[in-house]
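**Q** My structure is below; once you've seen it, I'll send some questions.
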Amino acid sequence: NGLGIFVLTLGAVVAGGFVNEVLHPRQEFELSKDGKLVPKAPAKAAEKPAEQKPAVYHAFDPPLIVNFDDSQAVRFLQLQIEVLARDPAAIEAVKLHSPVIRNNLLMMMNGRDYRSLMTREGKEALRKECLGEVQRILKKETGKPGIEDLFFTSFVVQ
């Protein structure tokens, strides 16, 4: 009998301790700059970065081909372009509006200087302009820029 009462009492004390801890969490204290004991500010939970959706790519097919004048000859530029988006709906928008996108990119590339296209900086500048143009078209048509990046997967000048 006495042992049963002891076990029940011990169980009640342990359970009561857990309930008390939940209802009244321990307050931690720290010393302030002036030496006073003050409640410690709760640590902010580490924010999880938003999960990034997987990349979805779309290649413009056939490649874009433009001609331009060099002082010595007529030159041709053939570009294979791929765009990256995180939303499949953006890729569908690119496909839907590809006639406008192709037209504007061809017009933008026409009249380029051959020498500037042969430098890394010139290629990168053209890539950024193309990205901006595709985003501008998608923003106008869908309300969102849609694509995250644009890549030249083939760059041939003859």
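The values are calculated or read from the model by the stated rules, or taken from the named source; none is laboratory data. Values in this document were obtained by computation on a predicted structure and should not be read as measured data. Neighbour counts are summed over all protein chains in view; Cβ atoms, including those assigned to glycine, are modelled from backbone coordinates with ideal geometry. Heavy atoms of the whole protein, side chains included, go into the accessibility calculation; ligands, DNA and RNA do not. Shrake-Rupley method; radii C 1.70, N 1.55, O 1.52, S 1.80 Å.
**Q** Scan the helices (runs of 4 or more DSSP H) fully inside region 68-158 and keep the ones with 1 or more residues being within 27 Å of the chain's Cα centre (by Cα) and closer than 18 Å to HIS58 by Cα.
**A** 88-96, 98-109, 120-142
**Q** Name the residues in region 88-133 that are among the β-branched types (Val, Ile, Thr) and closer than 22 Å to PHE68 by Cα, would you?
**A** Selection gives VAL100, ILE101, THR119.
**Q** Test each condition in (1) over 14 Å from LEU138 (Cβ atoms); (2) open to solvent by 30 Å² or more (accessible area, probe 1.4 Å) for LEU77 and report the one that comes out false.
**A** (2)
**Q** Looking only at region 115-141, which residues are modelled with pLDDT under 95 and of a type in the set (Val, Ile, Thr)?
**A** Selection gives THR119 alone.
**Q** For region 70-102, which positions are touching a residue at least 40 places away in the same chain (Cβ under 8 Å) and of a type in the set (D, E, K, R)?
**A** Of everything in region 70-102, those that are touching a residue at least 40 places away in the same chain (Cβ under 8 Å) and of a type in the set (D, E, K, R) turn out to be ASP70, ARG75, GLU82, ARG86, ASP87, ARG102.
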